[in-house]
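Read the figures in this text as sums done on the coordinates, not as results from a lab. Only a predicted model underlies this, so the values are computations on that prediction, with no experimental measurement involved. Cβ sites come from the backbone with ideal geometry, for glycine too, and all protein chains shown count toward neighbours.
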Amino acid sequence: MAQDIITIFHGPQHPGITGNMSVELDLLGETIKRAETHVGYLHRGFEKMIERRTVLQAFTIVCRICVPEPDPNEENFARGVEELMGLEVPEKAKWLRTMVLEMARLQAQMLWFAGQGGSLGHYISPQWAVADRDLILDLFEELTGGRVYHMYITPGGVRRDLPEGFLGRLGHFLDYLESRLPEYDNMLLRNPVFLERARGVGIIDPATAREYGVVGPNLRACGFMNDIRKDEPYEMYGEVDFIVPTETSGDVYGRAMVRRAEIEQSISILRQIIRRMPAEKEIMAVLPKNHRKWEVPKGDTLVKTESARGEYSYYMVGDGTDKLRRVQVKGPSAVHAITLLEEMLVDSQLSDVAMIMNSLGTNPPEIER
Amino acid sequence: MKIDIKGIWGALSSLKYLFQPPGTLRYPDVKKEAADGYRGFHDNDLSKCIGCGMCEDICMNLAIDMVKPKSEAYLNAKNGSGLIPRLDYGRCCWCSLCTDVCPVNSLKLTKNYVYVSEDMNRFIYTPGEEKLGKREKETVK
């Protein structure tokens, strides 16, 4: 008997992503024959909001572009303004920024882990990973005063110095997290159910990855060793030793293993930062005392950061006033979750959609900035 | 199909956590205290506030209005405008820019972050004159 194609909406609320986005699927039985992504549920017009505010006001908005990992936005924005204004950031502020970026990467990877297990119906993973992520958020709360939106990295430096004993507490947390990783492996990444579900599913071949402009762990899982932290070092990434993990399978399992290895690298980077954190007190560049006197000279700049999901970039144009003439934000999800996903989902199974979306690290707010 | 006994055994090893104390707090019996630098509700030391309006000027969400206090008796003698900031927590995003630009450090953020009221107007308040940071039961009349 011939089967009819039925069309369903997968989303906008579903376990594959941290945010709202839907995928329209044409199904023949359980097999997907066509996929079309629909975004727009979270559009808040960030770029225009930034352009209407002074640079000092705007830095508190940029973190909201990406909920799971706001700090690369803050760093990108701050570094762009500094390049345009010619500000010299103190060395300690650069170390603190690098530390915050790696802490943010760790907590974003924990959130990915939670989603990866949750999208398979393996609910111990979200419970463990979210509980451990909360310990990082406790450290963020102590350092920045906020748990999710930190608003810590500001043009010119960072807003606060380290609290008393903070590096020791960070070191203890890293020891704890490292001791938990084998348990995470046993529970999910070596779990036969996960291996059966993840291997050979959601494959990105290297040619497609290059053609579509895939970045971050998704690209590294195809065998490419591309990482902005190594290719164009920023902040203090040129001073720390780390490797860029790669895999060659290009499937959900490969991407999971890349992210798993990146957790270890982040722990290693943070330990180096703890050892090398300067004792000096200077954390801000010399800035105009009156915030009304902040003016961004004419010019443009493109700054890039490696977030947990891949390359983040800000293109910024100054026109000599206290506001930016144009800001364009490009997050990695625009490529991964729209053009690539529509192609990847064809001929895969309905039950794998959430798992594939999560493995790509999809984050809708950065598509709709 | 080959059964991966080692993998299944590894996954089952997480059962040991069934016999360990929970990682969560027993809320509301045990409450989590915020860190020292937490960005919670505002407080304003009116004996220092000079009514300059820098906080109102920098607030990108227009959450701050400069208003006349209920009584001028407790104002700083140097308060030239005779006004003090009033917060609208329907707009505030707790970015702390207002406290950063305060030239006399009178406006600060506290560790308090829990407040419940059935009256929406209670979320527009004047720090220094009123205090937030407690659970308040009110009835809308």
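Here are the numbers for the structure shown:
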item	result
Separation of the A:T208 and B:Y27 label points, Cα + 7 Å toward Cβ, nm	4.2
Equivalent ellipsoid semi-axes - Cα gyration tensor, the protein assembly as shown, angstrom	42, 26, 24
Cα pair count fraction exceeding 20 Å, expressed as % - region A:171-278	49
Extended-chain gain in nm, criterion 0.36 nm per residue less alpha-carbon gap, A:R169 and A:D347	59.3 nm
FRET efficiency, B:Q20 to A:I243 (Cβ-Cβ, R0 51 Å, nearest 0.05)	0.90
Cα-Cα pairs of region A:211-369 separated by more than 25 Å (percent)	46
Ellipsoid equivalent to region A:253-314 - semi-axes via the Cα gyration tensor, in Å	34, 22, 8
Segments A:4-10, A:221-227 sorted - mean Cβ within 10 Å per residue, highest first	A:221-227, A:4-10
Estimated translational D of region B:64-114 in µm²/s (Stokes, Kirkwood radius over Cα pairs; 10 °C; 1.306 mPa s)	126
FRET efficiency, B:R122 to A:R276 (Cβ-Cβ, R0 56 Å, nearest 0.05)	0.70
Dipole-positive endmost among B:G7, A:I267, A:T144 within the protein assembly as shown (Cβ charges, Cα centre)	A:T144
Charged-residue dipole, Cβ positions (Lys, Arg, Asp, Glu), chain A about Cα centre, Debye nearest 20	980
Between 0 and 90°, nearest 10: helix A:252-276 axis offset from chain A longest Cα axis	20
Descending semi-axes in Å of chain B, equivalent ellipsoid built from Cα gyration tensor	47, 18, 14
Fully extended contour minus Cα-Cα distance, from A:T339 to A:R160, at 0.36 nm per residue	60.4 nm
Sorted by Cβ neighbour density within 10 Å, fewest at the top, the residues A:R325, A:R309	A:R325, A:R309
Whole-angstrom Cα spans of region A:106-232 along principal axes, big to small	48, 36, 22
Number of partner chain Cβ atoms within 10 Å, mean per residue of A:132-143	2
10 Å Cβ neighbours from other chains, averaged over peptide B:36-42	4
Rounded Å value of the spacing that divides the Cα centres of region A:216-294 and region A:310-344	19
Difference of contour (0.36 nm per residue) and Cα-Cα distance, A:R44 to A:Q328	100.8 nm
Partner chain coverage, peptide B:8-20 - average Cβ within 10 angstrom	4
Packing rank of B:27-34, A:180-187, A:297-304, where each peptide gets the mean count of other beta carbons within 10 Å, highest leading	A:180-187, A:297-304, B:27-34
About the Cα centre, charge dipole magnitude for region B:25-125 (Lys/Arg +1, Asp/Glu -1 at Cβ), debye	160
When each of A:K94/A:K304; A:K94/A:K298; A:K92/A:K293 is checked by Cα-Cα distance, pairs over 20 Å	A:K94/A:K298; A:K92/A:K293
Projected label distance in nm at A:A131 and A:E91, using a 7 Å step from Cα toward the beta-carbon	4.2
